[in-house]
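*Asks:* Take a look at the following structure, please.
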């Protein structure tokens, strides 16, 4: 394609707010790829509001599919209008058959989009979607559609744009409700237009907000709660407000899209389900705690550096259903303690970084970069005590859990590079009666919250509760925990690494054919290294701490990929 020949370009945007926010980096990339073209955005009314004032868009056509363009006659009318505008190219970020059909009927010479929904024959440039077995974030999915059109630049976070007047008007509106300019605002988004399956329990939203507000009150800061939501969610919002013992503003069902953006940006913390407003808040750099249940956090998580995901890995998730046909276990098992811990960690980090103004002073488009997925399809198995957190013999309560320096950054770096991260840990304290399984899960909830508040995340945690004398198959260096993880998550153990501070971790790596890294952060790590060397089980790498281990894993994986590529090239040439 001669890009300089494209003078009028049509972009068909997604229909849902969350999808549109995740598509924003790709929309910006269209402008960079076609700097001289007039870019027209075709979207439904709600997305037209969302993306108003976007610098990549010259003109917006509002697709009123329920009024002006309703029915078959309406589709013909829209196609006729597009034909008169004489577009040279249509880029279809929306995957529906209808989007391809309308651009075809409009006679647009080049029609570019994913070959989904049986529409490939309507596209002049059908792009294969790729393997469904590869887990890919939606931001990356939209960007990948553009790769055949040219080199994609630096991948950045989604951005949204508000005018100063819109922000001033929302500040005044909140002031009328008693929210001062210096007050801390906790945003709650308890609903979901997608369906009830995505909704965390209302009473738990209320209790979490109350706990966070009480924490702030003890530190001398007044907190307000603002509850947002779509039309039809007013009763849900009021039921939560009635449970709170602090100033609360209910705006559910009372805001336009632009007003919702403005109030979301005003928040100091946003507690939410997996919905469009979650992505709005992240785009404005607001710290977000998101509760995930039936949806896949790997593909639709917020994008940025200031969010935490709270979820419970259950066998039936992600199911992507609108309503739960059983007991809603993915949501009912998410506790107030977990969400409160995640919120506290985010606010503590915000305070350490100098407050909200310091955080928002950095342009949102520099907050997050998607690194090359050098670890896509690679699993890193992590030990816990002595590797991720300080080893103090037995950790019996969440208060005793303290992460080692650099762990959050290392986990985040591995996750951004595409790794699946699984914690496998021996916890004989259960069998010894030192703590219960429920307490262990609470400890792990804190661990997850601390990691996710720093931009990292674990995909799963497996633990062995048995006594060393029980002779079980799961206690490391036994392989049962790893084998269960492989079955649950569909892992390729040949493409894996094991990182730990003890000889049993290295031996586990040897048994499953993984690359082995010994970190020397445990109290007996050096002794373990000496034993391994005597037994001929020397690890592939010895790291001073987890950050060093992460850097080595990235370099090693990249080197192995390059070697495989070189071999393929030589094979092709021969």
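*Asks:* Is there a residue in region 97-114 that is under 20 Å from the mean Cα position of the chain (by Cα), in the same structural domain as residue 70 (by TED's automatic domain parsing) and more than 15 Å from residue 11 (Cα to Cα)?
*Replies:* Within region 97-114, none of the residues are under 20 Å from the mean Cα position of the chain (by Cα), in the same structural domain as residue 70 (by TED's automatic domain parsing) and more than 15 Å from residue 11 (Cα to Cα).
*Asks:* Which residues, taken from region 422-437, are surrounded by fewer than 21 Cβ atoms within 10 Å (Cβ to Cβ), touching a residue at least 40 places away in the same chain (Cβ under 8 Å) and in contact with a helix residue (DSSP H, G or I) (Cβ under 7 Å, 6 or more places away or on another chain)?
*Replies:* 428
*Asks:* Spot the failing condition for residue 281; the list is (1) outside any helix (DSSP H, G or I); (2) within 20 Å of residue 198 (Cβ to Cβ), and only one is missed.
*Replies:* (1)
*Asks:* Follow-up question, since we're still on this one. For region 394-427, which residues satisfy the criterion of being part of a loop (DSSP other than H, G, I, E, B), closer than 20 Å to residue 491 by Cα and in contact with a strand residue (DSSP E or B) (Cβ under 9 Å, 6 or more places away or on another chain)?
*Replies:* Result: 419, single match.
*Asks:* Something else: Determine whether region 429-444 contains at least one residue that is at pLDDT below 95, within 24 Å of the chain's Cα centre (by Cα) and over 19 Å from residue 475 (Cα atoms).
*Replies:* The answer is yes; a qualifying residue exists.
*Asks:* Something else: Taking the stated definitions as given, is residue 521 surrounded by 14 or more Cβ atoms within 10 Å (Cβ to Cβ), at pLDDT 85 or above, out of contact with any strand residue (DSSP E or B) (no Cβ under 7 Å at 6 or more places or on another chain) and not in a helix (DSSP H, G or I)?
*Replies:* yes
*Asks:* Continuing with the same structure: Checking residue 144 against (1) loosely packed, with under 14 Cβ neighbours inside 10 Å; (2) assigned to a helix (DSSP H, G or I); (3) free of Cβ contacts under 8 Å to residues at least 24 places away in the same chain, which test does it fail?
*Replies:* Against the list (1) loosely packed, with under 14 Cβ neighbours inside 10 Å; (2) assigned to a helix (DSSP H, G or I); (3) free of Cβ contacts under 8 Å to residues at least 24 places away in the same chain, residue 144 comes up short only on (1).
*Asks:* Residues that are more than 27 Å from residue 297 (Cβ to Cβ) and part of a loop (DSSP other than H, G, I, E, B): does region 202-220 have at least one?
*Replies:* yes
*Asks:* Name the single residue, out of those in region 223-248 being more than 27 Å from the chain's Cα centre (by Cα) and assigned to a helix (DSSP H, G or I), that is surrounded by the fewest Cβ atoms within 10 Å (Cβ to Cβ).
*Replies:* Looking at the filtered set, the residue picked out is 235.
*Asks:* Could you please find all residues in region 296-314 being surrounded by 24 or more Cβ atoms within 10 Å (Cβ to Cβ) and out of contact with any strand residue (DSSP E or B) (no Cβ under 8 Å at 6 or more places or on another chain)?
*Replies:* Scanning region 296-314 gives a single hit, 303.
*Asks:* Oh, and also: If I filter region 46-60 down to residues being touching a strand residue (DSSP E or B) at 6+ places or on another chain (Cβ under 9 Å) and either at pLDDT below 95 or in a loop (DSSP other than H, G, I, E, B) (or both), which single residue comes out as surrounded by the fewest Cβ atoms within 10 Å (Cβ to Cβ)?
*Replies:* It comes out as 58.
*Asks:* It is to be established whether one or more residues within region 331-341 are part of a loop (DSSP other than H, G, I, E, B), modelled with pLDDT under 90 and buried (at least 21 other Cβ atoms within 10 Å of the Cβ).
*Replies:* no
*Asks:* Then there's this: Within region 64-81, is even one residue assigned by TED's automatic domain parsing to the domain that holds residue 17, in contact with a helix residue (DSSP H, G or I) (Cβ under 9 Å, 6 or more places away or on another chain) and in contact (Cβ under 8 Å) with a residue 40 or more places away in the chain?
*Replies:* No.
The values are calculated or read from the model by the stated rules, or taken from the named source; none is laboratory data. What you see is a predicted model; the values in this text were computed from it and never measured. Cβ atoms come from the backbone with ideal geometry, glycine included; neighbour counts cover every protein chain shown.
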